[in-house]
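These notes concern the structure reproduced below.
Quick note: the coordinates plus some simple rules give every number you see, no bench work behind them. None of the values given here were measured: they were computed from a predicted structure. Methodologically, a virtual Cβ is constructed for each residue, glycine included, from the backbone with ideal geometry; neighbour enumeration extends over all protein chains shown.
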Amino acid sequence: MINKKKKNILIFGIIVLILFFCFFPSIISSWRLQKAIEASASFPIQLGLTKAVIVPCVFTPPPAAPVCVGGLPLCGLLDPARCVLYSQVSGLPAGGNGNMALFSNIAIAKAGLTPGGQLIAGGMSPVAMDNGVLASAGGCFGCVAKANFKDKIFDLADKIDKYIIAVFK
């Protein structure tokens, strides 16, 4: 038989765990967003979009001269060798300069950007955003956590959060 003190501690512990797992995802996502905002603020071109549309760049096959098409007008600025490595992302402006930019497919995948999603980005120019920061609800590409204690704890919690999600999928 469990005495009353142990029972109260057990109930309190269960309530704390339930509250922790209810609020944990929103705390982590808020921290990710703040980290992305801080990282993108240092670049001359900043972009915020909602309802993102991702159009892969492709090149025209022979016999015509290979020209990069797909998401026009920005894909047309790439040479055929780099063409298939990029996608043009456009959407409704939510801040920053403009409503479209080129991102490498690797950056899009690492940031977890999906069609219809939101993004915050910073880069050197609309065609050279892959050397900057890209962040969405799924993560951040190019963001580096600061060395203070709070950011180290949240970075560890972010890794645990991704592990928990991967285990349950």
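Some notes on this structure:
- Length gained when the stretch LEU19-LYS51 is fully extended (0.36 nm per residue, less Cα-Cα span): 8.4 nm
- Computed log₁₀ I(q)/I(0) - Debye formula, equal Cα scatterers, no solvent, the range 42-94, q 0.15 Å⁻¹: -0.48
- With the simple spin-label model, which puts each label point 7 Å out from Cα in the Cβ direction, the ALA81 to ASN8 separation comes to 7.3 nm.
- With the largest listed first and rounded to whole Å, the semi-axes of the equivalent ellipsoid of the range 77-138 from the Cα gyration tensor are 18, 13, 10.
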